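The values are calculated or read from the model by the stated rules, or taken from the named source; none is laboratory data. Since this is a predicted model, take the numbers as computed values, not measurements. So basically every Cβ, Gly included, is an ideal-geometry build from the backbone, and we count neighbours across all protein chains shown.
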Amino acid sequence: MASMDVPADMPKRAQTAQAAAVRATPAPVLTWVTLALMTTASVASLRAAPTMAVYGLACVFLYLVPAIVFLLPTALVSAELASGWNGGVYRWVSEGLSKPLGFLAVWCQFAMTIFYYPSLLAFVASTIAYVIDPSLASNGLYTAIVIMVLYWTGVWVSSRGTKALAGLSSWGLIIGTLVPGTILVVLGIVFLGQGNPSAAPMTADHLLPQWTGLASLVLIVNNFLSYSGMEMNAVHVSSLKDPAKEYPKSMFLAMGLVLLIFILPALAISWVVPADQTSLTAGVMQAFNAFFSYFHIGWMTPIAAVMLVAASLGGMLTWLAGPSKGLLEISRSEGYLPPYLQKLNKYGIQQNILVTQGLVTTVIALMYALIPNVSSVYWIFSTITTQVYLIVYLLMFAAAVRLRKTQPDHPRGYRVPALRLICTVGLLSSLAALAIGFVPPSQFGGSSVLSYVLFIGGGLVVLGLLIPYAFLKFRKPGWRSAEAAAGEGSAS
Amino acid sequence: MSPTRFASEHKWVYVGAIVVLVALAIIGVIQYESVKSTNEAAEKANKLADAAEDAGYPRPDTEVIERSLGTDGGIVCEDPATALRSALWKINVSNGAAFVGQRPVIGDTKALRAEAKILEIYCPDKLDKFKDRLDDLKTDDTVRRDA
């Protein structure tokens, strides 16, 4: 970070002053456990537990199969890459494939979050409404205000440095996910221990989900994406004392935590609350209310709501900081973004990228909250953004195979056994998820399949290809940071 | 930056977050109306339990239904068909992701219709609009149930 301080076209004295200011701030040191908690906070929370509880014992299958074909390849491959190269996905793809593709990878990781924040924060707003006054959840102005306040507070916290957000996101995970998750599981075990029959059948013939053809395939394959984001925090790998050894450890701990958080609480809810009461439409809190009501501790529901809010905001912080940092780093070394977006604040954080991203998110969030026609179709953006994110995985797996071939002796703290096989599985899984993303879900109703395919395909092309291409096309040589340019000059 | 300086710089961020969350939790617990068991609540809970049994589920505990839905259906009956509420549950008809991987799926017919039964018993005036929204959905039987 400190090695790439200022754009090349800044006055020399200003460059020196800014570079000195940034260098005066040493890289914050994260422990591998903190990084594991950040990674877990980016991927897992209890929000999905009631949704998956509906499937009963089959939720184990629905999480384990994607874990084998998608989580494992993603975690292992990113562990190898991060233990050999600092910087995260942009660096891996840049080294393994090409720098423009490195930019594409980090752009896709960054751009998809812009559409993600409004729906995440709308969920947080509705959960806060549940706590103070449920009727507020239908109020556009309330939703808009909550989204704005929380988002910009998140930007402010993120702009204060990696360690500030690392602490908050880790505590968000502990308070918002690990503690309530443990409570759910313990109460579930107590429920069974009291001799009550499980509300969802727990026999072996219920381990597999109902097979209804395409709908079941969509459910299973789309669940690969439950583990999206495992690699995202690798951008902070240089904040570890010994990245080569500590990052793989951090990844394995995160993998275990993510699996436990996804599977056990969903199972516990399915033991206590019958599927017909776990209404998908009434929301997460209704399911928690039914769960706690059984134990005569309904008052725990608003506390669980506040915990969920803490977890969601902790997760949001990691997403604010990670992809934007990767985008900054490749842009400074290659000049892919204008100098204004490359500037750092006194904590060494890409504040201008965060603020610019915030302005775009603000417009989208206001439209979501205040224009009913936008909120009604907003789910489409969830599909487009996950499609865009899959480009990152395709590039990452391809880069890992190529790096093993082109730089076999580059020191790596961890080497994936059978890397080519693991990457092939990861690539095929990502391609399958990409293809299944074109199948219209429930929300699309009976409308034309072709129009859905065109809409999703169009969104994918515009957000994932055209916009990053425009940045590459219109970049200027002077946009490279002074030190990146000087480094290349002295090398040549 | 020394650890001491770091701690003092970020102390207020942590303190602020804790104060806001604790305040929300206290407000929530105070607001949470522990629903008193009344004849009306018991009667509605029995109706819902009957409906669940008729649909092939094991009969749910009516006391639990009373406590979670009371006499007015609680959060389930809170403007279920408005654009923002619909947007939220439409996003919830999704895979098992909790963050950026959340993606819509083809939802289970009965699971999606479960709320309609609650509305029918607790707030029938809101049922028609909600059903209109449900009728727009393409669903399938993706949850394995006992025959």
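Couple of notes before you dig in:
- With respect to the conditions (1) of a type outside the set (Val, Ile, Thr); (2) part of a helix (DSSP H, G or I); (3) crowded, with 21+ Cβ neighbours inside 10 Å, A:TRP152 lacks only one, and its number is (3).
- Residue identified as more than 24 Å from B:ALA45 (Cα to Cα) and more than 7 Å from every other protein chain (Cβ to nearest Cβ) among B:ARG144, B:ARG103, B:ARG113, B:ARG133: B:ARG133
- Residue in segment A:360-382 that is more than 30 Å from B:TRP89 (Cβ to Cβ), at pLDDT 90 or above and surrounded by 18 or more Cβ atoms within 10 Å (Cβ to Cβ) present: no
- Selected residue [buried (at least 23 other Cβ atoms within 10 Å of the Cβ), touching a Gly at 6+ places or on another chain (Cβ under 6 Å) and in a helix (DSSP H, G or I)] from A:LEU173, A:LEU121: A:LEU173
- Criterion (of a type in the set (Phe, Trp, Tyr), touching a Lys or Arg at 6+ places or on another chain (Cβ under 9 Å) and buried (at least 22 other Cβ atoms within 10 Å of the Cβ)) met by exactly one of A:TYR336, A:TYR347: A:TYR336
- Residue in segment A:82-90 that is at the interface with chain B (Cβ under 7 Å from one of its Cβ atoms) and touching a Phe, Trp or Tyr at 6+ places or on another chain (Cβ under 7 Å) present: no
- Filter pass, A:PRO197 being farther than 30 Å from A:LEU366 by Cα, touching a residue at least 40 places away in the same chain (Cβ under 8 Å) and more than 19 Å from the chain's Cα centre (by Cα): no
- Residues that are over 28 Å from A:ILE297 (Cα atoms) and either modelled with pLDDT of 80 or more or surrounded by 22 or more Cβ atoms within 10 Å (Cβ to Cβ) (or both) do occur in segment B:117-124.
- Extreme residue, farthest from the other protein chains (Cβ to nearest Cβ), among residues of segment B:59-100 that are among the aliphatic types (A, V, I, L, M) and assigned to a loop (DSSP other than H, G, I, E, B): B:ALA81
- Inclusion of B:GLU53 among residues that are of a type in the set (D, E, K, R), more than 7 Å from chain A (Cβ to nearest Cβ), in contact (Cβ under 8 Å) with a residue 24 or more places away in the chain and part of a helix (DSSP H, G or I) is not warranted.
- Yes/no for A:GLY193 being more than 12 Å from chain B (Cβ to nearest Cβ), among the small types (Gly, Ala, Ser) and surrounded by 14 or more Cβ atoms within 10 Å (Cβ to Cβ): no
- All conditions but one from (1) crowded, with 22+ Cβ neighbours inside 10 Å; (2) in contact with a Cys (Cβ under 7 Å, 6 or more places away or on another chain) apply to B:ASN95; the one that does not is (2).
- The single condition among (1) among the small types (Gly, Ala, Ser); (2) more than 9 Å from every other protein chain (Cβ to nearest Cβ); (3) farther than 30 Å from B:THR62 by Cα that A:ALA310 does not satisfy is (2).
- Considering (1) within 22 Å of B:ILE26 (Cα to Cα); (2) at the interface with chain B (Cβ under 8 Å from one of its Cβ atoms); (3) of a type outside the set (A, V, I, L, M, F, W, C); (4) within 26 Å of the chain's Cα centre (by Cα), the lone condition that A:ASN289 does not fulfil carries the number (4).
- For A:ARG412: the one exception among (1) assigned to a helix (DSSP H, G or I); (2) among the basic types (Lys, Arg); (3) crowded, with 16+ Cβ neighbours inside 10 Å: (1)
- Given (1) modelled with pLDDT under 90; (2) out of contact with any strand residue (DSSP E or B) (no Cβ under 7 Å at 6 or more places or on another chain), number of the condition A:ALA8 does not satisfy: (2)
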